[in-house]
Amino acid sequence: MQLFLDSTDVAQIRDLAATGLVDGVTTNPSLIAKSGRNMLEVIAEICEAVEGPVSAEVAATESQQMLAEGRKLAGVAPNVVVKVPLTREGLVATRQFTAEGIQTNVTLCFSASQALLAAKVGATYISPFIGRLDDHGADGMDLIHEIRAIYDNYGFDTEILAASIRSPTHVRDAAMAGADCATIPPEVFLSLFKHPLTEKGLDQFLKDWAKTGQSIL
Ligand code: E4P
């Protein structure tokens with residue numbers, strides 16, 4: 001499973017990328033606004049910090065404008081993936097991006113039928129929003145299972161990118177459901193390393209090791 005960071009914090013992206021565990025990055029207009037920075041500059045810096053795909057979202061709502069914006073974003077770096085909302089106009093644009101060889105991430109997916117349409121227009125990634133569905137009273141993980149089944153039934157190669165991840169449990173469940181990737185906020189990414197029994201066990205091992213008076217080096 002590929003692990004992406006859902007962030008526009010370039011320093012934090014660089015820090016976590018140094019672990020070798022970051023396969024890509026996703027951004028959205030809210031994260032760009034939170035950064036307080038120029039979008040094209042932030043995307044360029046992120047694309048230098050990670051080798052993998054970096055999703056940059058269009059702001060237009062009409063397909064021709066989406067295409068103009070997406071082509072500009074795709075020109076920032078070879079690893080830019082153009083993120084497009086799952087609307088009728090967005091899918092028209094996605095179809096054209098696919099024809100032009102521009103990678104796409106179709107975002108704001110909340111139903112399996114939407115995901116079917118995205119695959120039919122050749123989206124590179126589909127982003128089902130797990131946390132926001134949970135917030136809405138549904139079980140977001142059901143959607144990952146449904147999309148996995150549909151894509152496998154018909155051999156679609158659109159990758160399922162589990163988004164709106166809120167916890168390590170979401171990451172585990174998305175992996176078990178067969179998501180190809182998960183995009184994870186930095187604080188959740190950091191918590192993936194941790195377990196209280198790991199910390200407790202290591203503390204005991206280090207105390208016992210100190211008692212031996214030995215040194216490996
Ligand atoms: C990523 O592509 C999405 O924009 C992001 O995961 C949304 O997360 P949120 O629901 O926590 O804003």
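Observations
- For region 135-162, the tally of residues that are of a type in the set (Lys, Arg) and open to solvent by 50 Å² or more (accessible area, probe 1.4 Å) stands at 0.
Yes/no per residue for (1) in contact (Cβ under 8 Å) with a residue 12 or more places away in the chain; (2) out of contact with any helix residue (DSSP H, G or I) (no Cβ under 9 Å at 6 or more places or on another chain):
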| position | (1), (2) |
| --- | --- |
| ASP142 | no, no |
| ASP173 | yes, no |
| THR183 | yes, yes |
| PRO196 | no, yes |
| SER215 | no, yes |
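- Exactly one residue among ALA115, ALA33, ALA68 is modelled with pLDDT of 95 or more, within 15 Å of the ligand (Cβ to nearest atom), assigned to a helix (DSSP H, G or I) and open to solvent by 10 Å² or more (accessible area, probe 1.4 Å), and that residue is ALA33.
- Filtered residue count, region 36-48, keeping only those that are open to solvent by 20 Å² or more (accessible area, probe 1.4 Å) and either of a type in the set (D, E, K, R) or in contact with a strand residue (DSSP E or B) (Cβ under 8 Å, 6 or more places away or on another chain) (or both): 5
- Sole exception among (1) open to solvent by less than 20 Å² (accessible area, probe 1.4 Å); (2) under 26 Å from MET1 (Cα atoms); (3) away from the ligand (no atom under 15 Å from the Cβ) for SER63, by number: (2)
- Inside region 73-112, residues that are more than 16 Å from the ligand (Cβ to nearest atom), in contact (Cβ under 8 Å) with a residue 24 or more places away in the chain and hydrophobic (A, V, I, L, M, F, W, C) make up a count of 9.
The values are calculated or read from the model by the stated rules, or taken from the named source; none is laboratory data. Computed from a predicted structure; not experimentally measured. Neighbour counts run over all protein chains shown; Cβ positions are idealised from the backbone, glycine included. The accessibility values were calculated without ligands, DNA or RNA, using every heavy atom of the protein model including side chains. Shrake-Rupley method; radii C 1.70, N 1.55, O 1.52, S 1.80 Å.
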